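Structure first, commentary second.
The values are calculated or read from the model by the stated rules, or taken from the named source; none is laboratory data. All values derive from a computational prediction rather than experimental measurement. Counting neighbours? That spans all protein chains shown, and the Cβs are built from the backbone with ideal geometry, glycine included.
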Amino acid sequence: METQVVTGAFGFSGKYIARRLLKKNIIVKTLTNSVNRKNEFQNKIIVSPFHFDDADKMAAALEGASVLYNTYWVRFNHKNFHHSEAVDNTLKLFEAAKRAGVQRIVHTSITNPDKNSKLEYFSGKGILEEALIHSGISYAILRPAVLFGKEDILINNIAWMVRKFPVFGLFGDGNYRLQPIFVEDYADLAITEGEKKENTIVDAIGPESFTYRELVNVVSKIILGKKRLIFSMPDEIGYWMSKLVGVIKGDVLVTREEIKGLKGDLLYTTSPAAGKTKLTDWLIANKGTVGKEYANEIKRRKDRTISY
Ligand SMILES: NC(=O)c1ccc[n+]([C@@H]2O[C@H](COP(=O)([O-])OP(=O)(O)OC[C@H]3O[C@@H](n4cnc5c(N)ncnc54)[C@H](OP(=O)(O)O)[C@@H]3O)[C@@H](O)[C@H]2O)c1
């Protein structure tokens, strides 16, 4: 039987990929920072830490795998984790995969990566894409803008704020765009790309595009049955307001870099849709639950036993 590896199978996108691999009767191994995270797989998945500090152990953990699905990344710079560390660690992962004879890597990137970007999220992803392209390993690079689904953070927390507050503040005019893809569609795409041999790069975007302003309106109309009053704020005021919410929730709601990425239209492409599920349809089907609970990024990092 074939063995394949997915990073972060107890996290968000990795879980949906792992589910599909198991359905295909593939032996699934996960590399994770959270070996004890509560998960649905019980003993159906082989679990290993990443071993970023031990190249031999990392290569051994990948030995015998035909495909590596890599989702590993850190969302923002923080006192406990940093983009540059995620770049270094991912380079080690690619190197270990090469040593272990992994035949193909399906790598999750971001829309509009650019190694020269001033935003470390996008420059880090650009550096990693270049390294993978030159690694000699067959690759599929998937570039999602935003993933949505039960465990997502961005859209869930927009819904949470819409539920909690009578008004909604935008960073500037809110006319920057996003193209969310459903996590189930994303996982389907990852598996399809994992089965190929040729090198591919795909903008992993869904069928609907929204400006941020439209997104807030759509979410509030579907969830509350009415639009929230929206107002524009200078970025710095918006940042400090979100910081206040973050302090109350023990989280980082949004970073200055993320605001710049949004406003730079970096979550938007002109590519055709790679997913078929509309966010609006999914919101209608899930309007009773989306945003009921705040989704906390930092809590997921601090408590490595809780499920997403
Ligand atoms: N979610 C989105 O809306 C979105 C949008 C665009 C691109 N992406 C890209 O999609 C990929 C997967 O995203 P996801 O939302 O599915 O991620 P996730 O499941 O939350 O995390 C994926 C992996 O990264 C590890 N990780 C995340 N944050 C970390 C931190 N601060 N320190 C150490 N390890 C950390 C996780 O660790 P554990 O093993 O401990 O779980 C897991 O192995 C990422 O490459 C991301 O850049 C996501």
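From the list Lys125, Lys196, Lys150, which one is within 30 Å of Asn25 (Cα to Cα), within 13 Å of the ligand (Cβ to nearest atom), basic (Lys, Arg) and at pLDDT 95 or above?
Working: Lys125 fails: within 30 Å of Asn25 (Cα to Cα); Lys196 fails: within 13 Å of the ligand (Cβ to nearest atom).
None of the other options fit; the residue is Lys150.
Quick check on the stretch 33-76: of everything there that is over 15 Å from Phe94 (Cα atoms) and of a type in the set (Ser, Thr, Tyr), which residue is nearest to the ligand (Cβ to nearest atom)?
That would be Ser34.
Out of everything in the stretch 128-138 that is more than 13 Å from the ligand (Cβ to nearest atom) and not hydroxyl-bearing (Ser, Thr, Tyr), what residue ends up being farthest from the chain's Cα centre (by Cα)?
Gly136
Could you tell me whether Ser84 is surrounded by fewer than 16 Cβ atoms within 10 Å (Cβ to Cβ), more than 12 Å from the ligand (Cβ to nearest atom) and on the phi < 0 side of the Ramachandran plot?
Criteria met by Ser84.
What is the number of the single condition among (1) within 15 Å of the ligand (Cβ to nearest atom); (2) buried (at least 16 other Cβ atoms within 10 Å of the Cβ) that Leu283 does not meet?
(1)
Go through the stretch 1-50 and report how many residues are on the phi > 0 side of the Ramachandran plot, surrounded by fewer than 19 Cβ atoms within 10 Å (Cβ to Cβ) and modelled with pLDDT of 95 or more.
Residues meeting the conditions: 1.
The conditions are (1) modelled with pLDDT of 95 or more; (2) over 18 Å from Tyr212 (Cα atoms); (3) aromatic (Phe, Trp, Tyr), and Tyr268 fails exactly one of them. Which is it?
With (1) modelled with pLDDT of 95 or more; (2) over 18 Å from Tyr212 (Cα atoms); (3) aromatic (Phe, Trp, Tyr) applied to Tyr268, the lone miss is (2).
Show the residue pairs that are 6+ apart or on different chains and have beta-carbon atoms under 7 Å apart, the first residue being within the stretch 86-109 and over 25 Å from Tyr186 (Cβ atoms), the second being of a type in the set (S, T, N, Q).
Lys98/Ser135
Any idea how many residues of the stretch 1-20 are part of a loop (DSSP other than H, G, I, E, B), out of contact with any Leu (no Cβ under 9 Å at 6 or more places or on another chain) and near the ligand (Cβ under 7 Å from one of its atoms)?
Here the count works out to 2.
If you check every pair at least six apart or on different chains, which have Cβ atoms under 9 Å apart with a residue in the stretch 251-270 that is surrounded by fewer than 18 Cβ atoms within 10 Å (Cβ to Cβ) first and a residue that is among the β-branched types (Val, Ile, Thr) and part of a loop (DSSP other than H, G, I, E, B) second?
Thr269/Thr111; Thr269/Ile205
Filter the stretch 216-233 down to residues that are of a type in the set (Val, Ile, Thr) and in contact with a Phe, Trp or Tyr (Cβ under 7 Å, 6 or more places away or on another chain) and give me whichever is nearest to Phe165 (Cα to Cα). Explain how you work it out, then say what you get.
So the first thing to find is which residues in the stretch 216-233 are of a type in the set (Val, Ile, Thr), and the list is 216, 218-219, 222-223, 230.
From the residues that got through so far, the ones that are in contact with a Phe, Trp or Tyr (Cβ under 7 Å, 6 or more places away or on another chain) too are 216, 218, 230.
Working: Val216: 12, Val218: 16, Ile230: 11 Å.
The qualifying residue nearest to Phe165 (Cα to Cα) is Ile230.
If the requirement is being out of contact with any Phe, Trp or Tyr (no Cβ under 6 Å at 6 or more places or on another chain), hydroxyl-bearing (Ser, Thr, Tyr) and either more than 14 Å from the ligand (Cβ to nearest atom) or at positive phi (or both), which of these qualifies: Thr269, Thr211, Thr305? Steps first, please.
Details: Thr269 fails: either more than 14 Å from the ligand (Cβ to nearest atom) or at positive phi (or both); Thr305 fails: either more than 14 Å from the ligand (Cβ to nearest atom) or at positive phi (or both).
Just one listed residue meets the conditions, Thr211.
What are the residues in the stretch 16-27 that are more than 20 Å from Thr90 (Cα to Cα) and of a type in the set (A, V, I, L, M), if any?
Leu21, Leu22, Ile26, Ile27
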